[in-house]
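Please read the structure below before turning to the comments.
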Amino acid sequence: MIVFDKPKALTDAPLHYCPGCTHGIIHRLVAEAIDNLNIGGETIGVASVGCSVFTYNYFNVDMVQAAHGRAPAVATGVKRADPSKIVFTYQGDGDLASIGMAETVHAAARGENITIIFVNNAIYGMTGGQMAPTSLPGQVTQTSPYGRDTNTVGFPVKVCELLSTLDGAGYIERVAVNNVKNVRNAKKAIEKAFRNQVEGKGFSLIEVVSTCPTNWGKTPQGALEWLEENMLPYYPLGVYKDKFAEEAAK
Amino acid sequence: MADKILMKGNEALAEAAIMAGCRHYFGYPITPQTEVAAYMAKRMPKIGGVFLQAESEIAAINMVIGAAAAGKRAMTSSSSPGISLKSEGISYMAGCDLPALIVNVQRGGPGLGGIQPSQSDYFQATCGGGHGDFHLLVLAPSSVQEMADLVAKGFDLAEKYRMPCMLLADGTMGQMMEPVSLEETKQEACEKPWALTGTKGERKPNIINSLALQPQELEQWNEDRFKRYEIVKENEQMAESYLMDDAEYCVVAFGIAARVSQNAVDAARAKGIKVGMIRPITLWPFPEKVLKEAADKCKAFLSVELNMGQMIKDVKLAIDCKKPVDLCYRTGGMIPSPEEVLAAIEKMQKEGK
C-alpha cells in the first residue's frame, strides 16, 4: 500500500531550488491542496519573477508566466475571463511586496476571487541576495551590507497586517514551514485558501514564512533556526483576517 | 449597410469592439481616450461582458494578458503616457505570442506633454514599443468610420498571427464626431489550442511564457517570430492611394494628418500641380510596396506628420532614398493647416523640378 506519493498536481521535473530551500515543501502543499480539492483540471496558475519563476515547470496545470509583480493583475484577467477556473499566483516577497505592491493591494481591495501563495524569505533569492521589502532590521544582504538601517531605508512591510485592513480581503493567514507542526498548519491554510475560491467566496492570501539558506549564508538547519529566532517574532503566525468565517458566524 | 449614426471616434471604436466579439475590456482613465472606458463601463455589464477599471495602466495590460491567455478577445485603451506604462506588458505579450488589441489615442509628449492630438508615438508603436526584438501590428484610422472598421480587422489579424495589435489613433480621431455605420462583424474563426482553459486531466498543461534562459532557444523563438513577421509584411500591408495615377509628387500621411493633407492635395491640383497622396493604414507593416511603386514615377515625396519627423524615416527606407523626401510637421498637439501643407507641396514641386 502506498501511503506517501507525489501529488498529481506536480510534474516529474526536478526542482531547481537550493538545498534546504523551503520552496519544495510549499510546492508540495499547494499541489496537495489542488489534488485534495480535485481541481487540477480546472486550475490555472500564474508564475511570478524570482526563484519561483519556473513554477510553470513544476505544477501540472495550465500556467502563465507574469512580469515581475504583475501576477495578481494577470490572475485577475484569467479569472474574469472564466470565473469557473481556479486561479492562483505563487509569488515571492520582492515580487509581491515591492514591485507588485499595487497589484497585490488592489486585487485584495477588489475582493478578486483568486488565491495568492506569498513566499516570504526576507531576501531577493534569484538575483543573489539583495535586501527585500521584508528584510529584517539589521539584516545583512548584498544591498544592505552593513545591515538594514531603518533610518535610511525604513522598515519591513508586514503584508498580512497591511492587507487585513482592506474590506475586500477575505482570508489572510501567515504560516511557516520550519517544523512539522507549522507545515501541517500551512497545509490546512493553503487548502482553505483554495477552497474559499472553489466556493466563490473571494480573495485569499497565505503568507508562508520561508528560508533562503544560500543567501542568508546558513546551513539548511541553521536557516530554520534563524527563521524561528528572527523571522517569527517580526512576522507572527496566525489568521489576520477571515471575513468568510465571520460572515458564516453571523 | 446599417444606418449612419453620429458618434465620437472613441465611442465608435468601443462599440465596434463589442460587435467584433470583445467581451473583456481593462482600462485606466486618461485624456483623450476616457470615453472608451466610459462606454465600456456602460455597455459591458448589459451584455455579460467584463469592464474593469484597473489600478494602473500596468495592471490593465496585465489583465489583458490574463484574459488573452485564457483565449478571450481582450482589449485595453490609453493615451501616450499610459502606453509607455503598458509597454512592459506589450513586450511580454509579444514574447508570449498573445493576441489582443491595444488602442493608443495619442496626445503630445514627451513626458506628461499635453492633451491635444499628436502622432509622436509613431516610433514607439512601429518599432515595437517595449524591450526586445518584436513588432506590433499597427493600424492607423483616419476617420470615425475607420476607428470602428479597424477594430475587427485588428482583432482578426492579432489572432491570425498571434501578435498584439495597436490601433494608433490620435486625440482628433478619438474626440471628433462623424457619421458612422456600425455592423456586426463576422469574427474570423480562430482555434486557440494554446489557450489556458484547464487541462481537464485530458491533455498536458498549456504554458504561456516568454522566458528562455538558454540563448539558443531564445534565438530560435525570435527567429520563428520574425519569420511570421515576414508573412505579415508580405500579406497585410494596407494603404489608400489618392490621385496617384498621374502623380508626379507624393504626399505621405496617416490619421488626421492625411485628412488635412487631402485638402491640400486638392488645392494643389486646382493650381495644376500633379500631386497625389499615399495614406498608410498599416504603419507596421509599413506599406512599402505601394511606396516603392510610387518611387519609380514620382519626383519627390512629402511626409506630413504631427511630430518632429518620425514616419519620414520609413518613407525614405521604403523608397530606398531614391527620391528626395521633405517633411511638413507640427508638434506638441498642433495640427498643420491645409495652407501649410499646400505651401510644403509647392516648395517640394519647385525644388523637385
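The values are calculated or read from the model by the stated rules, or taken from the named source; none is laboratory data. Note that the structure is a prediction, hence the values are computed from the model and not measured. Virtual Cβ from ideal backbone geometry, glycine too; neighbours counted across all protein chains shown.
Output the number of residues of segment A:74-99 satisfying the condition of being within 19 Å of A:Val157 (Cβ to Cβ) and aliphatic (A, V, I, L, M).
Residues meeting the conditions: 3.
Of the conditions (1) within 9 Å of chain B (Cβ to nearest Cβ); (2) in a loop (DSSP other than H, G, I, E, B), A:Asn113 clears all except one; give me its number.
(1)
Okay, residues lined up against (1) assigned to a loop (DSSP other than H, G, I, E, B); (2) surrounded by fewer than 18 Cβ atoms within 10 Å (Cβ to Cβ); (3) not β-branched (Val, Ile, Thr):
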residue: A:Phe4; (1), (2), (3): yes, yes, yes
residue: A:Asp12; (1), (2), (3): yes, yes, yes
residue: A:His16; (1), (2), (3): yes, yes, yes
residue: A:Gly24; (1), (2), (3): no, yes, yes
residue: A:Tyr56; (1), (2), (3): no, no, yes
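Counting just the residues of segment B:7-31 that are buried (at least 24 other Cβ atoms within 10 Å of the Cβ) and in contact with a Gly (Cβ under 6 Å, 6 or more places away or on another chain), which one comes out farthest from the other protein chains (Cβ to nearest Cβ)?
B:Gly9
Could you pull out the residue among B:Gln220, B:Gln262 that is in a helix (DSSP H, G or I) and farther than 30 Å from B:Val105 by Cβ?
After ruling out the rest, the residue left standing is B:Gln220.
The rows are residues; the columns are (1) out of contact with any strand residue (DSSP E or B) (no Cβ under 9 Å at 6 or more places or on another chain); (2) assigned by TED's automatic domain parsing to the domain that holds B:Leu157; (3) at pLDDT 95 or above; (4) not hydroxyl-bearing (Ser, Thr, Tyr).
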site	(1), (2), (3), (4)
B:Asn206	no, no, yes, yes
B:Gln216	yes, no, yes, yes
B:Ala257	no, no, yes, yes
B:Ser261	no, no, yes, no
B:Phe286	no, no, yes, yes
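Would you be able to tell me the number of residues in segment B:43-66 that are touching a Leu at 6+ places or on another chain (Cβ under 8 Å) and farther than 17 Å from B:Pro29 by Cα?
1
Take the residues in segment B:52-79 that are assigned to a helix (DSSP H, G or I) and out of contact with any Lys or Arg (no Cβ under 9 Å at 6 or more places or on another chain), then tell me which one is farthest from the other protein chains (Cβ to nearest Cβ).
Looking at residues that are assigned to a helix (DSSP H, G or I) and out of contact with any Lys or Arg (no Cβ under 9 Å at 6 or more places or on another chain), I get B:Ala68.
I'm trying to understand the selection: among the residues of segment A:38-50, which are in contact (Cβ under 8 Å) with a residue 60 or more places away in the chain and over 18 Å from the mean Cα position of the chain (by Cα)?
Correct list: A:Ile39 only.
Determine, yes or no, whether B:Thr172 is farther than 23 Å from B:Val64 by Cβ and either in contact with a His (Cβ under 6 Å, 6 or more places away or on another chain) or touching a residue at least 12 places away in the same chain (Cβ under 8 Å) (or both).
Against the criterion (farther than 23 Å from B:Val64 by Cβ and either in contact with a His (Cβ under 6 Å, 6 or more places away or on another chain) or touching a residue at least 12 places away in the same chain (Cβ under 8 Å) (or both)), B:Thr172 qualifies.
For segment B:130-157, how many residues are of a type in the set (Gly, Ala, Ser), assigned to a helix (DSSP H, G or I) and more than 12 Å from the chain's Cα centre (by Cα)?
Number of matching residues: 2.
What's the number of the condition B:Ala41 fails, among (1) over 18 Å from the mean Cα position of the chain (by Cα); (2) buried (at least 19 other Cβ atoms within 10 Å of the Cβ)?
Condition not satisfied by B:Ala41: (2).
Take the residues in segment B:200-217 that are of a type in the set (A, V, I, L, M) and assigned to a loop (DSSP other than H, G, I, E, B), then tell me which one is nearest to A:Val61 (Cα to Cα).
Restricting to residues being of a type in the set (A, V, I, L, M) and assigned to a loop (DSSP other than H, G, I, E, B), the top hit is B:Leu211.
Give A:Val53, A:Val64, A:Val78, A:Val74 a once-over and let me know the one that is free of Cβ contacts under 8 Å to residues at least 24 places away in the same chain, at the interface with another protein chain (Cβ under 7 Å from one of its Cβ atoms) and aliphatic (A, V, I, L, M).
Going through A:Val53, A:Val64, A:Val78, A:Val74 in turn, the sole match is A:Val64.
Hey, any hits in segment B:54-74 for a residue that's more than 18 Å from B:Pro141 (Cα to Cα) and in contact with a Pro (Cβ under 7 Å, 6 or more places away or on another chain)?
yes
Here are some residues: B:Ala17, B:Ala2. Which one is in a helix (DSSP H, G or I) and not basic (Lys, Arg)?
B:Ala17
Per-residue answers, yes or no, for (1) assigned to a strand (DSSP E or B); (2) more than 10 Å from every other protein chain (Cβ to nearest Cβ):
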{"residue": "A:Pro83", "(1), (2)": "no, no"}
{"residue": "A:Gln91", "(1), (2)": "yes, yes"}
{"residue": "A:Gly94", "(1), (2)": "no, yes"}
{"residue": "A:Ile117", "(1), (2)": "yes, yes"}
{"residue": "A:Met126", "(1), (2)": "no, yes"}
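Looking at segment B:304-316, can you tell me whether even one residue there is farther than 30 Å from B:Ser80 by Cα, surrounded by fewer than 20 Cβ atoms within 10 Å (Cβ to Cβ) and of a type outside the set (D, E, K, R)?
no
Does segment B:192-245 hold any residues that are away from chain A (no Cβ under 14 Å), surrounded by 12 or more Cβ atoms within 10 Å (Cβ to Cβ), more than 25 Å from the chain's Cα centre (by Cα) and not charged (D, E, K, R), and which are they?
The one that is away from chain A (no Cβ under 14 Å), surrounded by 12 or more Cβ atoms within 10 Å (Cβ to Cβ), more than 25 Å from the chain's Cα centre (by Cα) and not charged (D, E, K, R): B:Gln220.
Which is of a type in the set (D, E, K, R) and farther than 25 Å from B:Val151 by Cα, of B:Glu305, B:Glu223, B:Glu230, B:Glu234?
B:Glu223
Mind listing just one residue for me: the one in segment A:88-107 that is within 18 Å of B:Ile61 (Cα to Cα) and of a type in the set (A, V, I, L, M, F, W, C) and, of those, surrounded by the most Cβ atoms within 10 Å (Cβ to Cβ)?
The residue in question is A:Leu96.
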